[in-house]
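Down below is the structure, laid out as structure tokens.
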Amino acid sequence: MKNEDLRNKYDEVFKGGSNNFFTCNVFEESHAIAGKVLKETNGVLYDKSVLDIGCGEGMLVAMLAEAGAFVSVGVDYSEEAIKNAYEKFGHKNAEYVCKDYKELDESFDIVTMQGVMEHLDDPWTEVKNIMDTKVKDGGFFVTSSPSFINPRGYVWMTLAKLFDVPMSLTDLHFICPFDVQKFCDENNYDLEYESIHQDWGSGDTMIRDFNKRLRNALRDANMDNSKVDDLLEWLYDANKYYETNESTGAIVVYRMRKK
């Protein structure tokens, strides 16, 4: 899956404590993915095997194991993350492994992947490979990724498309629901999706995130960041006029299944 910069960065993050790195607590995203899995299986996981790719510190794996999955495996290429996973979420039905998912021989009833697609060198090739080799016939894949159909996204896409300013040094792609829909249509996959973190897409959490991330991004691009306060003040005032819908959250959870 590559992206060696991310491997090194996350080893550093997990060694120092991930709670100080992420803008939003990852629990809500893990909970949304787990909820989607349970909805797809009518709440019955006792006969299902689950693989979580890029499991980090293991929260989602632990959730699905606790929900009854008879096998719940998390893989991540950060040794620090795997160490933390066992310390935080050791569970009789859960296993955490430091390796690439491609090194696993078996396939699974359910595959999950939280916040990984945007970091991959070639996300569409990877997802196609996951669907072909890791999802059993009749199974499904649930993944999540930042989305940009919101004020937060409009700011970032303007910077990215016009000035080549990345959102971070490890995010390689800006993925939106229409990108995923096109991919699924081309590969004959059934797709369902819903967004979460509305406040991060257009509310106070967006302002808090920009207050740190936007300044850093402009600085890293050797651009003037002295007017960030003016923009944040305008966004704060304008936010009350923005109407959210099921697609406008900062994170989208996708479910793919072969037709």
- Message: I'd like to know if region 179-189 contains one or more residues that are exposed (fewer than 15 other Cβ atoms within 10 Å of the Cβ) and at pLDDT below 95.
- Response: no
- Message: Restricting to region 131-148, and then to whatever is touching a helix residue (DSSP H, G or I) at 6+ places or on another chain (Cβ under 7 Å) and not aromatic (Phe, Trp, Tyr), can you tell me which residue is nearest to THR248 (Cα to Cα)?
- Response: SER147
- Note on the structure: Inside region 69-115, the number of residues satisfying the requirement of being of a type in the set (Asp, Glu) and surrounded by 24 or more Cβ atoms within 10 Å (Cβ to Cβ) is 1
- Query: Under the condition of being assigned to a loop (DSSP other than H, G, I, E, B) and more than 22 Å from GLU28 (Cβ to Cβ), which residue from region 121-155 is least open to solvent (accessible area, probe 1.4 Å)?
  - Reply: LYS134
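Look at ALA250 and say whether it is without any contact (Cβ under 8 Å) to a residue 24 or more places away in the chain and either open to solvent by less than 20 Å² (accessible area, probe 1.4 Å) or touching a Phe, Trp or Tyr at 6+ places or on another chain (Cβ under 7 Å) (or both). Spell out how you get there, then give the answer.
Numbers: without any contact (Cβ under 8 Å) to a residue 24 or more places away in the chain: no; either open to solvent by less than 20 Å² (accessible area, probe 1.4 Å) or touching a Phe, Trp or Tyr at 6+ places or on another chain (Cβ under 7 Å) (or both): yes.
The answer is no for ALA250.
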- Can you confirm whether region 58-68 contains a residue that is over 13 Å from MET113 (Cα atoms), open to solvent by 20 Å² or more (accessible area, probe 1.4 Å), at pLDDT below 95 and not aliphatic (A, V, I, L, M)? yes
- Matching residues in region 156-195 - criterion: being among the aromatic types (Phe, Trp, Tyr), in contact (Cβ under 8 Å) with a residue 24 or more places away in the chain and assigned to a helix (DSSP H, G or I): PHE163, PHE183
- GLU118 versus (1) open to solvent by 60 Å² or more (accessible area, probe 1.4 Å); (2) in contact with a Ser or Thr (Cβ under 6 Å, 6 or more places away or on another chain): which is the lone unmet condition? (1)
- Identify all residues within region 202-259 that are among the basic types (Lys, Arg), farther than 23 Å from SER168 by Cα and outside any strand (DSSP E or B); write none if there are none. LYS240, LYS259
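The values are calculated or read from the model by the stated rules, or taken from the named source; none is laboratory data. All of these numbers come straight from a predicted model, not from anything done at the bench. Neighbour counts are summed over all protein chains in view; Cβ atoms, including those assigned to glycine, are modelled from backbone coordinates with ideal geometry. We work out accessible area using only protein heavy atoms, side chains counted, and drop any ligands, DNA or RNA first. Shrake-Rupley method; radii C 1.70, N 1.55, O 1.52, S 1.80 Å.
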